[in-house]
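Asker: Okay, here's the structure, questions in a sec.
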Amino acid sequence: NLSTNPTARNPLYTKVLGTAFDVDVVALLANGTQSSGYNSAQGLTVNLVTEEAGSCGATVVASKQVSFTTSDSGRKRVSFTAGDVLRAYPNLRCRVTDASLQKTGCSSDNFAIRPAALLVTSVNATQLAPSNNSIPVFKAGTDNINLTASSGEVGYNGIPKIDNTRLQAH
């Protein structure tokens, strides 16, 4: 959504790598309201771009060509497939270009594409004797717990956060 009007916004949220997602492209008039009669003779190019130093896109991550007609009433849904983005990105924007009008707009939101999962490992956990239910065991008060979380995904260097409301004492 290219709107700066908070009541008309449909924010871009974090996306999951390897999962299809949609973004809505909204045609805006000079006053910031949605243009219900917008038509692009040559179509639009919708790019997912890296956000660098406040610019609207230094590197194109994924690109779609979209036809936009008056029957779209100023809003067009653009779908990206699971294979369109091949790595994680911490800071993207959506850039839309209308070649016929020689106009380019950029989303008011930044968003991330994060890994689908994290692998949590420990280098100092002692293991029980091998069985179908072996789990790491720590001695209370004597062992330091050293955990590492990684995604294995290129481009992801985020630090996972713990949601304490999801943890249970045992």
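The values are calculated or read from the model by the stated rules, or taken from the named source; none is laboratory data. Keep in mind that what you see is a predicted model, and the values were worked out from it rather than measured. Neighbour counts are summed over all protein chains in view; Cβ atoms, including those assigned to glycine, are modelled from backbone coordinates with ideal geometry. Ligands, DNA and RNA are stripped out before the accessible areas are found, and what is left, the full protein with its side chains, is counted by its heavy atoms. Shrake-Rupley method; radii C 1.70, N 1.55, O 1.52, S 1.80 Å.
Asker: How much net charge surrounds V46 when only the other residues with a Cβ under 15 Å from the Cβ of V46 are counted, with Lys and Arg +1 and Asp and Glu -1?
Answerer: +2
Asker: Separate question: So between A117 and L147, what do we pick up on full extension, going 0.36 nm a residue minus the alpha carbon distance?
Answerer: Value of the extension gain: 9.2 nm.
Asker: Same structure, new question: With a 1.4 Å probe and every protein chain left in place, tell me how much accessible area S67 has, in Å² to the nearest 10.
Answerer: 80
Asker: First select every other residue whose beta carbon is under 11 angstrom from the beta carbon of L17; then total the charges, Lys and Arg +1, Asp and Glu -1.
Answerer: Value of the local net charge: +1.
Asker: For region 39-108, compute Rh as the Kirkwood radius over C-alpha pairs and then the Stokes-Einstein diffusion coefficient at 25 °C and 0.890 mPa s; write the answer in µm²/s, rounded to an integer.
Answerer: Approximately 190 µm²/s, per Stokes-Einstein.
Asker: To continue, here is another question. Run the numbers on region 1-115 and let me know its relative contact order in percent, using alpha-carbon pairs under 8 Å that are six or more apart.
Answerer: Across region 1-115, relative contact order equals 34 percent.
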